[in-house]
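Visitor: Once you've had a glance at the structure underneath, I'll fire off some questions.
The values are calculated or read from the model by the stated rules, or taken from the named source; none is laboratory data. Because the structure is predicted, anything quoted here is derived from the model rather than measured. As a convention, Cβ positions derive from the backbone with ideal geometry for all residues, glycine included, and neighbour counts pool all protein chains shown. For accessibility, only protein heavy atoms count, side chains too; no ligands or nucleic acids. Shrake-Rupley method; radii C 1.70, N 1.55, O 1.52, S 1.80 Å.
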Amino acid sequence: MHKPVDLPGDWEQWLPPAPHDEIVRDFLRHARATLVWDDPTQPPLLACEDGGMIPLPSVRYDDVRRIHSADDPTGATVSNRRVTKYSDVCASIDRIKAIWGLGDDLSPDEWTEINVLLDDVLYMIDRLGRRHEAYDAAAAALLDTAKALLTVPTPEVPPATHGVEALLDLLEVADGHLSAHRERLDALAEQVRDVAQRQEDRARDKKELWLRVAALYHHVRGPRDWEEDEVRVAGELDL
């Protein structure tokens, strides 16, 4: 899967006709789908957030069938990936119910269509399940990282402030004559330095763990463009 900007070729040449092309752009912009393009000789696939896989030129939208394929994929594959008639399970189930709602008897073609749609449903549920597995595995790793973060000590600051205060007092007492106080002055200066050094070291430890958190986030996000949602959540957190 890829963000459109990361694709190696001119994916837009494969867009469906208007107004369906704008639906595709909207899906990509709002992270409702990503693009899969493993073979430049074949059209990219619109990999929908809710499980469906539709060849890009075939994407259509209407108020009844929502995102669907203009063609009948009948379980076909593109770039070794199964393509589906609809973008999600709900639309597939709606179509199945519409078929058997037409009468009491099913024709052979209707049986075939229902079987294909049910295969689509299982495929989409499996895709969604794999995403949950990735979220759950990352959450477990995140919990371990959070626990590790909480065990990294935050160095106490007072030794530094006390050291600075003592330095100032001693310098005032010395009144410019340092020879008798040099050893004590050096010790107080090192006391201040030690606090700063421990702060720097522990900050690096925490940074390393936060980098792991970031890596986990990028792993579960994958190629999906979540920028708008990231901005929204940051606003809610007042970051």
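Visitor: Which residue out of 216, 209, 185 is open to solvent by less than 90 Å² (accessible area, probe 1.4 Å), part of a helix (DSSP H, G or I) and free of Cβ contacts under 8 Å to residues at least 60 places away in the same chain?
Guide: Values: 216 fails: free of Cβ contacts under 8 Å to residues at least 60 places away in the same chain; 209 fails: free of Cβ contacts under 8 Å to residues at least 60 places away in the same chain.
Result of the check over 216, 209, 185: 185.
Visitor: Would you say residue 233 is free of Cβ contacts under 8 Å to residues at least 60 places away in the same chain, among the β-branched types (Val, Ile, Thr) and either under 30 Å from residue 26 (Cβ atoms) or not in a helix (DSSP H, G or I) (or both)?
Guide: Values: free of Cβ contacts under 8 Å to residues at least 60 places away in the same chain: yes; among the β-branched types (Val, Ile, Thr): yes; either under 30 Å from residue 26 (Cβ atoms) or not in a helix (DSSP H, G or I) (or both): yes.
Judged against the criteria, residue 233 is a match.
Visitor: Open to solvent by less than 100 Å² (accessible area, probe 1.4 Å), on the phi < 0 side of the Ramachandran plot and in contact with a Ser or Thr (Cβ under 7 Å, 6 or more places away or on another chain) - does that describe any residue in the range 124-147?
Guide: The answer is yes; a qualifying residue exists.
Visitor: Just a yes or no: is a residue in the range 211-224 over 30 Å from residue 26 (Cα atoms) and either at pLDDT 95 or above or of a type in the set (A, V, I, L, M) (or both)?
Guide: Within the range 211-224, the subset over 30 Å from residue 26 (Cα atoms) is 211-212.
Next cut, either at pLDDT 95 or above or of a type in the set (A, V, I, L, M) (or both) only: 211-212.
For the range 211-224, residues over 30 Å from residue 26 (Cα atoms) and either at pLDDT 95 or above or of a type in the set (A, V, I, L, M) (or both): present.
Visitor: Filter the range 27-61 down to the residues that are open to solvent by 40 Å² or more (accessible area, probe 1.4 Å) and not in a loop (DSSP other than H, G, I, E, B), then identify the one that is farthest from residue 115 (Cα to Cα). Spell out how you get there, then give the answer.
Guide: From the range 27-61, those open to solvent by 40 Å² or more (accessible area, probe 1.4 Å) are 29-30, 32, 38-42, 49-50, 57, 60-61; that's our starting set.
With the extra rule that they be not in a loop (DSSP other than H, G, I, E, B), the set shrinks to 29, 57, 60-61.
Details: 29: 33, 57: 25, 60: 22, 61: 23 Å.
Filtering the range 27-61 for residues that are open to solvent by 40 Å² or more (accessible area, probe 1.4 Å) and not in a loop (DSSP other than H, G, I, E, B), the one farthest from residue 115 (Cα to Cα) comes out as 29.
Visitor: Looking at (1) among the acidic types (Asp, Glu); (2) without any contact (Cβ under 8 Å) to a residue 40 or more places away in the chain; (3) part of a loop (DSSP other than H, G, I, E, B); (4) surrounded by 12 or more Cβ atoms within 10 Å (Cβ to Cβ), which is the one condition that is false for residue 225?
Guide: In the conditions (1) among the acidic types (Asp, Glu); (2) without any contact (Cβ under 8 Å) to a residue 40 or more places away in the chain; (3) part of a loop (DSSP other than H, G, I, E, B); (4) surrounded by 12 or more Cβ atoms within 10 Å (Cβ to Cβ), residue 225 misses (2) alone.
Visitor: Taking residue 109, is it open to solvent by less than 100 Å² (accessible area, probe 1.4 Å) and either among the charged types (D, E, K, R) or under 30 Å from residue 216 (Cα atoms) (or both)? If you could, list the steps in order and put the result at the bottom.
Guide: Working: open to solvent by less than 100 Å² (accessible area, probe 1.4 Å): no; either among the charged types (D, E, K, R) or under 30 Å from residue 216 (Cα atoms) (or both): yes.
No.
Visitor: In addition: Determine whether residue 155 is in contact with a helix residue (DSSP H, G or I) (Cβ under 6 Å, 6 or more places away or on another chain), touching a residue at least 24 places away in the same chain (Cβ under 8 Å) and not in a helix (DSSP H, G or I).
Guide: Numbers: in contact with a helix residue (DSSP H, G or I) (Cβ under 6 Å, 6 or more places away or on another chain): yes; touching a residue at least 24 places away in the same chain (Cβ under 8 Å): yes; not in a helix (DSSP H, G or I): yes.
So residue 155 passes the test.
Visitor: Among the residues of the range 204-212, are any within 29 Å of residue 129 (Cβ to Cβ) and in contact with a His (Cβ under 7 Å, 6 or more places away or on another chain)?
Guide: No.
Visitor: Assuming residue 201 fulfils every condition listed in (1) open to solvent by 60 Å² or more (accessible area, probe 1.4 Å); (2) more than 28 Å from the chain's Cα centre (by Cα); (3) among the charged types (D, E, K, R) apart from one, which condition is it?
Guide: Here residue 201 meets the rest and fails (1).
Visitor: May I ask you to list the residues in the range 62-90 that are modelled with pLDDT of 90 or more, surrounded by fewer than 16 Cβ atoms within 10 Å (Cβ to Cβ) and either assigned to a loop (DSSP other than H, G, I, E, B) or touching a strand residue (DSSP E or B) at 6+ places or on another chain (Cβ under 6 Å) (or both)?
Guide: Residues of the range 62-90 modelled with pLDDT of 90 or more: 67-70, 83-90.
Filter once more, so that each one left must be surrounded by fewer than 16 Cβ atoms within 10 Å (Cβ to Cβ): 70, 90.
Across the range 62-90, the qualifying residue is only 70.
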